[in-house]
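J.: Below you'll find the structure I mean.
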Amino acid sequence: MQATTAPIPGKYWQWRGHNVYYVRAGEKQAQRPPLLLVHGFGASTDHWRKNITGLCQDFEVFAIDLLGFGRSAKPKLQYSADLWRDQLHDFITEVIGQKAVLAGNSLGGYASLCVAAQRPDSAAGLVLLNSAGPFSESQPTSEPEALQSEFQPPKQPTTLQKLLGDGTKWIFQQPLAQFLLFQYVRQGWVIRQTLEKVYLDKSAITDQLVEEIARPAYDSGAMEVFVSVFSTPQGEKVDVLLKQLTCPLLMLWGEADPWMNTRERSQKFRQYYPELREHFLTAGHCPHDEIPDKVNQLLGDWVLSISDILPH
């Protein structure tokens, strides 16, 4: 069993009248950009605890709970990549106070890519860990997209779904079905089952991890966030964003991710941003939590290698 890691105490920042939770560790470094860690769907700053403690000796590190997740407020809004892009951009401007290297997992990767591409004055660099988001040519069903990539009901169709056929999508738009689905996905055993599908090293799935993911799902407003995320139109396509991207890009792929074909996805990223650097790792969908020492080392080394070329 992996040892539990105490979360680092954080604080709140007011954004558009809502409480946003973040964690800061380490000291500002003259020649090194600060890091901003952005979690995936259903996760929070807690998911980065092993990375914050591992990286804060060498960098000033921030982690943030996207609005609607973790300890941040869960107001009734239309949740989208644009909302989170603006939240991250404003956080970098108002709280961090200088360009940061954004590192995001899954949905957090997609939101970070939106910031780096569309708000370039915020990003010194971009690190994507099994990043979600749609490409123009991909069929929407070909892989879990930005907004469906983390906690889903089981893939194999149930008898009910077989009977309903194409009616399922409509069913999930009905309030009662949404309520029942949400009650289902936030249960500890379902979260554990989902994690067991997407983590290669099962010993990384601790009771603490399950509890950290389950806890915010019981906050007031959590169900409305869940429904909004699944019903919001998809954001800008990844290839369009990559064509706008000007900062250095590092991709870290957990190769055993059952939700995406990482080699195929890597080729698409390369097609639109050939100068990226990448590493394929023996891990699942959340390599930063599963093999934190390896990820911290690759991320830290890469940031040091680009620090020389960044304007100071």
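The values are calculated or read from the model by the stated rules, or taken from the named source; none is laboratory data. Since the structure is predicted, the reported quantities are computational estimates derived from the model, not experimental observations. Neighbour counts are summed over all protein chains in view; Cβ atoms, including those assigned to glycine, are modelled from backbone coordinates with ideal geometry. To get the accessible areas, we keep the full protein, side chains included, count just its heavy atoms, and leave off ligands, DNA and RNA. Shrake-Rupley method; radii C 1.70, N 1.55, O 1.52, S 1.80 Å.
J.: If I stretch the segment between ASP219 and ASP207 completely, what's the gain in nm (0.36 nm per residue apart, minus their alpha carbon distance), one decimal?
T.: Once the chain is fully extended between ASP219 and ASP207, it gains 2.4 nm.
J.: Something else now. Measuring from a point 7 Å past the Cα of ASP293 along Cα-to-C-beta, which residues in segment 203-247 have an amide N at less than 20 Å?
T.: From segment 203-247, the list is 203-206.
J.: Per 0.36 nm of contour for each residue apart, how much would the distance between THR93 and VAL240 grow if the chain were fully extended, relative to their Cα-Cα spacing?
T.: Gain on extension, THR93 to VAL240, equals 50.5 nm.
J.: Here is a follow-up. Could you point to the label whose value was computed as mean projected area of the Cα convex hull in nm² for the structure here, given (1) 14.9; (2) 17.6; (3) 16.1?
T.: Label of the calculated value: (1).
J.: So which residue, out of VAL95, VAL115, VAL225, gets the largest mean-square fluctuation from a GNM of the chain using Cα contacts under 10 Å as springs?
T.: Its mean-square fluctuation being the largest, the pick is VAL95.
J.: Projecting each Cα onto the charge dipole of the chain (Lys/Arg +1, Asp/Glu -1 at the beta carbon, about the Cα centre), which of GLN183, ALA123, THR53 comes out farthest on the positive side?
T.: Farthest towards the positive end: GLN183.
J.: Can I ask one more? Just for the chain, what percent of DSSP beta bridges are antiparallel, to the closest 5?
T.: 30 percent
J.: Accessible area per residue of segment 201-259 at 1.4 Å probe, in Å²?
T.: Dividing the accessible area of segment 201-259 by its residue count gives 40 Å².
J.: Quick check: net charge around ARG16, other residues with Cβ under 9 Å of its Cβ, Lys/Arg +1 and Asp/Glu -1?
T.: Around ARG16, the surrounding residues sum to -2.
J.: Using mean Cβ contacts within 10 Å as the protection proxy, how do 105-111, 24-30, 214-220 order, highest first?
T.: Put in order of decreasing packing, that is 105-111, 214-220, 24-30.
J.: Carbon and sulfur: what percent of segment 209-260's accessible surface (1.4 Å probe)?
T.: Carbon and sulfur atoms account for 52 percent of the accessible area of segment 209-260.
J.: To continue, here is another question. With all protein chains present and a 1.4 Å probe, how do HIS279, HIS89 order by accessible area, largest first?
T.: So the residues, ranked largest to smallest area, are HIS279, HIS89.
J.: A further question on this structure: What percent does the relative contact order of the chain come to when contacts are Cα pairs within less than 8 Å and at least six residues apart?
T.: Here the relative contact order equals 21 percent.
J.: Check which residues have an amide H placed less than 5 Å from ASN19's amide H, if you skip close sequence neighbours.
T.: Here ALA73 satisfy the definition.
J.: Mind checking the angle between helix 222-231 and the chain's longest principal axis? C-alpha axes, 0 to 90 degrees, to the nearest 10.
T.: It works out to around 90 degrees.
J.: Using the basic label-point model (7 angstrom from Cα toward the beta carbon), what is the LEU304 to LYS268 distance in nanometres?
T.: Modelled inter-label distance: 3.4 nm.
J.: Under 5 Å between amide hydrogens, which residues at least 5 positions from ALA123 or on another chain qualify, with H placed 1.01 Å from N in the peptide plane?
T.: So ALA123 has HN proximity to ALA100.
J.: Express in nm, to one decimal, how much length is gained between ARG16 and PHE179 on full extension, taking 0.36 nm for each residue of separation and deducting their alpha carbon distance.
T.: Full-extension gain reported as 55.9 nm.
J.: Report the accessible area of THR53, computed with a 1.4 Å probe over the heavy atoms of all protein chains in place, in Å² rounded to the nearest 10.
T.: Counting only protein heavy atoms, the figure is 60 Å².
J.: When the chain is modelled as a GNM with alpha-carbon springs shorter than 10 Å, which of LEU35, LEU250, LEU102 fluctuates the most?
T.: LEU250
J.: Need the C-alpha centroid separation for segment 69-130 versus segment 174-194, integer Å.
T.: Spelled out, the Cα-based centre of one part sits 27 Å from the other.
J.: Next question. Consider a paramagnetic label point 7 Å from the Cα of ASP82 along Cα→Cβ; state which residues of segment 219-261 have an amide N under 14 Å from it.
T.: Only 232-237 fall inside the zone, counting backbone N under 14 Å.
J.: Could you point to the residue in CYS114, ILE306, GLN271 farthest towards the positive end of the chain's charge dipole, with +1 and -1 charges on the Cβ of Lys/Arg and Asp/Glu respectively?
T.: So the residue furthest toward the plus end is CYS114.
J.: Here's another thing I want to ask about it. For n ≥ 4 DSSP H runs only, could you compute -39500 (n - 2.57) per run for the chain, divide by its residues and tell me the 222 nm figure to the nearest 500?
T.: Mean residue ellipticity, 222 nm, calculated: -11000 deg cm²/dmol.
J.: Right, next: Output the pairs from LYS99/LYS243; LYS28/LYS74; LYS11/LYS237 with a Cα-Cα distance over 26 Å in this structure; if there are none, say none.
T.: Distance filter (> 26 Å) returns LYS28/LYS74; LYS11/LYS237.
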